[in-house]
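Please treat every number below as a calculation from the coordinates, not as lab data. On a predicted model such as this, the values are computed, not experimentally measured, just so you know. Don't worry about glycine lacking a Cβ; one is built from the backbone with ideal geometry, like all the others, and counts go over all protein chains shown.
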């Protein structure tokens with residue numbers, strides 16, 4: 001993960017070494033499917049530090065400035081950083097404080113982050129589930145910073161809040177404050193070790209101040225959280241129902257050839273198959289947005305939509321035996337009129353591959 005800044009001595013001078021990110025190879029999409037198209041870390045880096053080619057995924061140490069923006073971009077949370085929002089209680093209100101590292105006039109280290117936009121959707125959901133629905137941030141002018149050119153914290157909150165409101169849950173409130181006020185807030189905050197789980201009753205009937213907790217890491221907000229990856233949909237409060245979900249896989253049954261490659265490669269079971277009745281089943285709450293299913297589908301039958309309403313109902317599978325090769329096969333929707341399996345339907349059986357003299 002991103003480590004702390006450290007210094008080494010070169011002759012008589014101290015040289016600052018930048019902490020570099022490490023990849024959790026077991027989580028990285030490219031380790032799970034060699035033909036994956038994911039370039040989330042590369043595209044999110046404002047300094048072009050990440051390099052991806054056919055042989056490796058690496059980082060240029062001289063270009064990385066420890067901003068951490070690659071971490072929230074990774075759909076599988078294969079990257080981690082040590083940036084921490086400060087959480088606690090102030091005037092009987094549970095809140096989190098994030099101070100941009102480029103606020104030079106702040107003299108405290110608590111709550112400092114290289115970039116507040118490094119808070120991911122997973123981080124926000126973890127904060128929310130532990131009762132922190134107010135976030136105070138102090139930054140410089142993001143419009144003039146290269147780190148503010150990509151997806152921002154405000155963008156993630158707008159999308160998340162729309163889904164929370166649709167579930168009749170209170171939304172997260174973001175407050176931008178001046179650095180001097182943020183420093184004063186941090187100095188007067190009260191910290192405790194107690195946390196609670198978010199519920200509608202809690203927010204509507206009880207004081208939010210009871211949710212105050214000790215400082216939580218921005219990645220793996222509580223000890224042990226970072227060991228097991230949970231898709232953001234499973235962290236959404238309340239029932240899914242007819243409301244937006246972070247990632248929604250959708251299958252076009254008219255294009256699908258029922259090859260089941262997506263079922264075999266989906267790392268979290270967001271696309272699965274059932275035997276009785278035979279059908280494909282999609283579970284938006286299990287989707288991480290890794291898009292392996294999109295990359296593996298040769299028929300372009302799958303899309304993954306962000307903050308969409310899941311489709312209701314499974315896609316039925318029909319069994320038949322190919323009239324050309326005699327091999328059993330399954331098809332989505334109705335069986336093909338030709339009676340051919342997907343392989344034979346691509347082959348010209350009238351052509352002779354070779355002729356014996």
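Some notes on this structure:
- For the stretch 18-73, the relative contact order works out to 35 percent when only alpha carbon pairs closer than 8 Å and six or more residues apart are counted.
- With neighbour counts taken as other beta-carbon atoms within 10 Å, the residues 329, 229 rank, fewest first, as 229, 329.
- Three-way shape label, the stretch 66-111, alpha-carbon gyration tensor, a/c 1.5: oblate
- Each Cα pair under 8 Å and six or more residues apart adds its sequence gap; the mean of these over the residue count of the stretch 225-357 is a relative contact order of 27 percent.
- The stretch 106-151: C-alpha gyration tensor shape, a/c 1.5 cut-off, then a/b vs b/c: oblate
- Here the residues 228, 296, 116, ranked from fewest to most Cβ neighbours within 10 Å of their Cβ, fall in the order 228, 296, 116.
- Exposure proxy shown here: for 268, 281, 83, 117, the number of other Cβ atoms within 10 Å sets the order, fewest to most, as 281, 268, 83, 117.
- For the pair residue 319 and residue 252, label points projected 7 Å from Cα toward Cβ lie 2.9 nm apart.
- Protection proxy ranking, peptides 162-174, 315-327, average beta carbon neighbours within 10 Å, highest first: 162-174, 315-327
- Over the stretch 30-172, Cα pairs under 8 Å with separation of 6+ residues give a relative contact order of 19 percent.
- Shape of the stretch 245-315 from the C-alpha gyration tensor: rounded (a/c under 1.5, with a ≥ b ≥ c the square roots of its eigenvalues).
- Estimated distance in nm for a label pair at residue 149 and residue 53, the labels positioned 7 Å out from Cα along Cα-to-Cβ: 2.3 nm
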